Amino acid sequence: QVQLVESGGGLVQPGGSLRLSCTVSGTMFTIWTMGWYRQAPGKVRELVSTITTYYSTTYVDSVKGRFTITRDNAKNTVYLQMNSLRPNDTAVYYCNRGTSASWSWGQGTQVTVSS
């Protein structure tokens, strides 16, 4: 059974930075495109960024130039570096497969951007 453990969230002021981590167990991490998702209060979960096994990345327009996704296959971990954070980045952030989000969701990590 695949387990996803997200961490690194917190309360940050607008313009601040956070680095999220997601450690994956129970599967061969190296073969999967990974993704970061977020769900803001009252909104549907959206795909924010993906990274393939060849380290090709994608980003939703609203985070381009501010967020960077990376992966460390030796640690079975995917990261999301978030800079220049805005209040509308406030959400619970989750990781999952980047193509179909077919694994059971982890607990997520709360990111709150507020002054």
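Mind listing whichever residues of the stretch 43-57 are closer than 13 Å to Leu80 by Cα and without any contact (Cβ under 8 Å) to a residue 24 or more places away in the chain?
Of everything in the stretch 43-57, just one residue is closer than 13 Å to Leu80 by Cα and without any contact (Cβ under 8 Å) to a residue 24 or more places away in the chain, namely Thr57.
Name the pairs: first residue in the stretch 90-108 and within 15 Å of Gly26 (Cα to Cα) and free of Cβ contacts under 8 Å to residues at least 24 places away in the same chain, second residue open to solvent by less than 30 Å² (accessible area, probe 1.4 Å) and of a type outside the set (Val, Ile, Thr), Cβ to Cβ under 8 Å, at least 6 apart or on different chains?
Close Cβ pairs satisfying both conditions: Ser102/Asn96.
Does any residue of the stretch 4-17 turn out to be over 15 Å from the mean Cα position of the chain (by Cα), in a strand (DSSP E or B), of a type outside the set (Ser, Thr, Tyr) and surrounded by fewer than 18 Cβ atoms within 10 Å (Cβ to Cβ)?
yes
Given the structure, is Ile51 within 18 Å of Thr99 (Cα to Cα) and under 14 Å from the mean Cα position of the chain (by Cα)?
Yes; evaluated as a whole, the condition is true for this residue.
Where the second residue is modelled with pLDDT of 95 or more and surrounded by 22 or more Cβ atoms within 10 Å (Cβ to Cβ) and the first is of a type in the set (S, T, N, Q) and outside any strand (DSSP E or B) and lies in the stretch 71-89, which pairs have Cβ atoms under 7 Å and are six or more apart or on separate chains?
Asn76/Val24
The values are calculated or read from the model by the stated rules, or taken from the named source; none is laboratory data. In this text, all values refer to a predicted model and were calculated from it rather than measured experimentally. Every residue, glycine as well, gets a Cβ built from its backbone with ideal geometry; the counts of neighbours run over all protein chains shown. Accessible surface is based on the protein model in full, side chains and every heavy atom, while ligands, DNA and RNA are left aside. Shrake-Rupley method; radii C 1.70, N 1.55, O 1.52, S 1.80 Å.
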